[in-house]
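Here the structure comes first, spelled out in structure tokens, and everything after it is commentary.
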Amino acid sequence: MTQPTFATHEVFNQSPPFEDVDLFAVDRPLVEAVRANGGAAAERELSEFGRHWGSAAMADRGRLANENTPKLRSFDAKGNRRDQVEFHPAYHELMAHGAHAGVHNSTWTADGKPAGDGAEVIRAAKFYMAAQIETGHLCPITMTRASVGALAMQPDLLARVMPVLSTKSYDPSFAPWWGKRGMTLGMGMTEKQGGTDVRANMTRAVRDGDGYRITGHKWFMSAPMCDAFLVLAQAEGGLTCFFMPRFAPDGSVNTIQFQRLKDKLGNRSNASSEVEFVGAYAERVGEEGKGIRTIIQMVQLTRQDCAIASVGLMRSGLAHALHHARHRSVFQKHLADQPLMQAVLSDMALHVEASTALVMRLCCAFDRTPHDAAEAAYMRLLTPAIKYWICKSAPPFLFEAMECLGGNGYVEDGILARHYRESPVNAIWEGSGNVMCLDVLRALSREGEAAMAVLQALAAESKGLPGAGEAVSFIGKTFLRADGERVARLAVEKLALLAAAAALNGVSPRQAELFAATRLATNHAGMYGAVELDSADVRALLERALP
Ligand SMILES: Cc1cc2nc3c(=O)[nH]c(=O)nc-3n(C[C@H](O)[C@H](O)[C@H](O)COP(=O)(O)OP(=O)(O)OC[C@H]3O[C@@H](n4cnc5c(N)ncnc54)[C@H](O)[C@@H]3O)c2cc1C
């Protein structure tokens, strides 16, 4: 298509849009990590997904869903309560495309058992690609997928829900879940007086026949148009998990009253509500008093997704930066051919490559957990460490990616400003940074022997890599210190780096060596590009990142 021209100048030396690409095929580190972790059989399916989500049409849906943010409709014209949130059609389309590809449920069989056979890895690759295009809608997608972990504690409820939850349909109608083509689930734990400390929850649950009536509030409850929520409330037997549907069993609208929607830094296509439960109907999930043990089954899975989404955001930042640098000339030379820009981009590519290998290795552990105790121990010890390191690395990474595009990176016409605003939330929700570190310490104190076996396995997998041996002994010693909490960040970051080097070694040994040399043998500088790699390695890293 010829563009209309300006009277005063011609537009040139701007990069073309990075659209209509196969997000899978152009990402060699992803292809190799999927292959190495049991997802090879799905390459064609992933390529199809990558082409679809990499299309200009999907990018446009992402933009529209963020520019036209959700609106709370508390009342109708006559003053009756409505408590509905309206979303732009583009948001619903993103949800429908995600559901069609099973991103919200494909790790489960139709009756709610772990699907196995690489299902976690395959779905993670989709989640990672979708995150490159639009991240807000992934909130209900991840919560729906993860809810099955908690619902499994109440088999009769799981059996009723799965026929609706396991379909590939997205049904946004405001109607009782049991009559719908598909359903989504959210989660309500955080109250004003405590988010991390859910034991401080004040919301109360009182038995009412077979169900319960819940009274209280939640300070954050995202994706409020979900068909049901897993919420925590204090019952007679203590803090308990409940399934709270939008409609009561008699078909009336449940008394879930939204107060307002949060005005957030990013994550704008997704609605996050403040809500009051006014004697709302709910069913118990798991035993009374076992609320944390029940909901943690869900939270473990959403933490995994926080890490996957953060790598997806960084991958998108890297791809846009590299694409731009290959088209933009400064001082008569493409940016991608300038040694200093190459140093920055290749160092960033190394970070993304290691992070991709690490999350895929983690997903492989989730796949194997039901049948393999060592993999279950890896999953328990490393999920919080990986969420900590990857999610906290995303905002500074995206800042650097944005800067590679110069001024264009900073404006809202491009996607990088949105990615940058989006990136901190994955570190904050589902357990903030310190809480993740404390969780690693908890896994160590509860299952010390299994955790040490994980460390030994990482030592074997990273054997010979620069700095790996020293890292193993540092982690071992630091975790044993009596004042472990004070130095937990030191040890947890080192653990994540070691696990990343080990995971990358299983995918691409040369890149693992570079990663270990720049992150384990020496402390990585505060800025990307402040490392010395030889030019053959730089070329290889950039070629792998984007052919
Ligand atoms: C956009 C968005 C959407 C959200 N959606 C939901 C939702 O759908 N459902 C839901 O239940 N919640 C939701 N949340 C809430 C989120 O999970 C909490 O904000 C988060 O868990 C932190 O809790 P808090 O805000 O109460 O902070 P606090 O618990 O007060 O923590 C504040 C800080 O203290 C640190 N800290 C806590 N304990 C310790 C300790 N012992 N030692 C050292 N440091 C510590 C934390 O790491 C954190 O950095 C959402 C949050 C956001 C931002």
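Given the residues Ala200, Ala152, which is the only one that is within 11 Å of the ligand (Cβ to nearest atom) and over 20 Å from Tyr281 (Cα atoms)?
Going through Ala200, Ala152 in turn, the sole match is Ala200.
Among the residues of region 169-185, write down those that are open to solvent by 80 Å² or more (accessible area, probe 1.4 Å) and closer than 25 Å to Leu138 by Cβ. Quick ask: steps written out before the conclusion?
Taking region 169-185 as the starting set, the residues that turn out to be open to solvent by 80 Å² or more (accessible area, probe 1.4 Å) are 178, 181.
Result: Arg181, single match.
Would you pick out the residues in region 131-168 that are polar (S, T, N, Q) and either more than 17 Å from Arg293 (Cα to Cα) or open to solvent by less than 10 Å² (accessible area, probe 1.4 Å) (or both)?
Gln132, Thr135, Thr142, Thr144, Ser147, Ser166, Thr167 - these are the residues of region 131-168 that are polar (S, T, N, Q) and either more than 17 Å from Arg293 (Cα to Cα) or open to solvent by less than 10 Å² (accessible area, probe 1.4 Å) (or both).
Can you name the residue in region 279-308 that is closer than 15 Å to Thr203 by Cα and open to solvent by less than 10 Å² (accessible area, probe 1.4 Å) and, of all such residues, is farthest from the chain's Cα centre (by Cα)?
This residue is Ala280.
Can you pull out every residue in region 169-194 that is in contact (Cβ under 8 Å) with a residue 60 or more places away in the chain and within 16 Å of the ligand (Cβ to nearest atom)?
Thr184, Met187, Gly188, Met189, listed by residue number.
Can you confirm whether Val206 is away from the ligand (no atom under 16 Å from the Cβ) and touching a strand residue (DSSP E or B) at 6+ places or on another chain (Cβ under 6 Å)?
Taking the combined requirement at face value, the residue satisfies it.
Of the residues in region 56-95, how many are assigned to a loop (DSSP other than H, G, I, E, B), in contact (Cβ under 8 Å) with a residue 40 or more places away in the chain and among the hydrophobic types (A, V, I, L, M, F, W, C)?
1
Is it fair to say Arg544 is of a type in the set (D, E, K, R), open to solvent by less than 40 Å² (accessible area, probe 1.4 Å) and closer than 14 Å to Ser346 by Cα?
Yes; evaluated as a whole, the condition is true for this residue.
Would you be able to tell me the number of residues in region 282-313 that are among the small types (Gly, Ala, Ser) and in a helix (DSSP H, G or I)?
Qualifying residue count for the region: 5.
Which condition does Arg368 not pass, out of (1) part of a helix (DSSP H, G or I); (2) touching an Asp or Glu at 6+ places or on another chain (Cβ under 7 Å); (3) open to solvent by less than 40 Å² (accessible area, probe 1.4 Å), if it passes all the others?
(3)
Taking only pairs six or more apart or across chains, which ones have beta-carbon atoms under 7 Å, a first residue in region 238-264 that is of a type in the set (D, E, K, R), and a second residue that is assigned to a loop (DSSP other than H, G, I, E, B)?
Arg246/Asp227; Arg246/Asn254
Taking region 260-273 on its own, how many of its residues are open to solvent by 20 Å² or more (accessible area, probe 1.4 Å) and closer than 18 Å to Pro140 by Cβ? Outline the logic, then answer.
Here is the first cut: in region 260-273, the ones open to solvent by 20 Å² or more (accessible area, probe 1.4 Å) are 260-265, 268.
Narrowing further to those that are closer than 18 Å to Pro140 by Cβ: 261-262, 264, 268.
Adding up the residues that qualify gives 4.
Only one of these is among the polar types (S, T, N, Q), in contact with a Gly (Cβ under 8 Å, 6 or more places away or on another chain) and within 13 Å of the ligand (Cβ to nearest atom): Ser166, Ser222. Name it.
Ser222
Can you say whether Glu276 is open to solvent by 30 Å² or more (accessible area, probe 1.4 Å) and closer than 18 Å to Leu185 by Cα, as far as the supplied structure shows?
For Glu276, the condition - open to solvent by 30 Å² or more (accessible area, probe 1.4 Å) and closer than 18 Å to Leu185 by Cα - is met.
If the requirement is being of a type in the set (D, E, K, R) and open to solvent by less than 20 Å² (accessible area, probe 1.4 Å), which of these qualifies: Glu403, Glu422, Glu412?
Just a single option satisfies the conditions, and that option is Glu422.
So, of the residues in region 461-501 that are modelled with pLDDT of 95 or more and assigned to a loop (DSSP other than H, G, I, E, B), which turns out to be most open to solvent (accessible area, probe 1.4 Å)?
Lys463
Only one residue in Gly102, Gly98 is touching a residue at least 12 places away in the same chain (Cβ under 8 Å) and either outside the structural domain of Tyr170 (by TED's automatic domain parsing) or at positive phi (or both). Which one?
The unique qualifying residue is Gly102.
With a cut-off of at least 1 residues that are over 19 Å from the mean Cα position of the chain (by Cα) and of a type outside the set (Gly, Ala, Ser), name the helices (runs of 4 or more DSSP H) lying wholly within region 413-460.
433-446
Considering region 309-343 alone, what residues qualify as being buried (at least 23 other Cβ atoms within 10 Å of the Cβ) and farther than 17 Å from Phe18 by Cβ?
Answer for region 309-343, where residues must be buried (at least 23 other Cβ atoms within 10 Å of the Cβ) and farther than 17 Å from Phe18 by Cβ: Ala309, Ser310, Val311.
Condition test on Ala417, is it under 30 Å from Ala223 (Cα atoms), of a type in the set (Gly, Ala, Ser), surrounded by fewer than 23 Cβ atoms within 10 Å (Cβ to Cβ) and not assigned by TED's automatic domain parsing to the domain that holds Arg63?
Judged against the criteria, Ala417 is a match.
So, in region 230-282, exactly how many residues are touching a strand residue (DSSP E or B) at 6+ places or on another chain (Cβ under 9 Å), on the phi > 0 side of the Ramachandran plot and away from the ligand (no atom under 14 Å from the Cβ)?
Residues flagged as touching a strand residue (DSSP E or B) at 6+ places or on another chain (Cβ under 9 Å), on the phi > 0 side of the Ramachandran plot and away from the ligand (no atom under 14 Å from the Cβ) within region 230-282 amount to 1.
Looking only at region 434-450, which residues are more than 16 Å from the ligand (Cβ to nearest atom), among the acidic types (Asp, Glu) and open to solvent by less than 90 Å² (accessible area, probe 1.4 Å)?
Correct list: Glu447 only.
Answer yes or no: is there a residue in region 41-50 that is over 19 Å from Ile308 (Cα atoms) and open to solvent by less than 20 Å² (accessible area, probe 1.4 Å).
So far as region 41-50 goes, no, none of its residues is over 19 Å from Ile308 (Cα atoms) and open to solvent by less than 20 Å² (accessible area, probe 1.4 Å).
Just for strands (runs of 3 or more DSSP E) wholly inside region 186-259: which have at least 2 residues that are open to solvent by 50 Å² or more (accessible area, probe 1.4 Å) and within 26 Å of Thr135 (Cβ to Cβ)?
Working: elements: 204-208, 211-222, 228-235, 238-245.
Answer list for region 186-259: 211-222.
The values are calculated or read from the model by the stated rules, or taken from the named source; none is laboratory data. Note that the coordinates shown come from a computational prediction; the quantities given were computed from them, not determined experimentally. Cβ: placed from backbone, ideal geometry, glycine included. Neighbour counts: every protein chain shown. Each accessible area value is taken on the protein alone, full model and side chains, heavy atoms only, with ligands, DNA and RNA left out. Shrake-Rupley method; radii C 1.70, N 1.55, O 1.52, S 1.80 Å.
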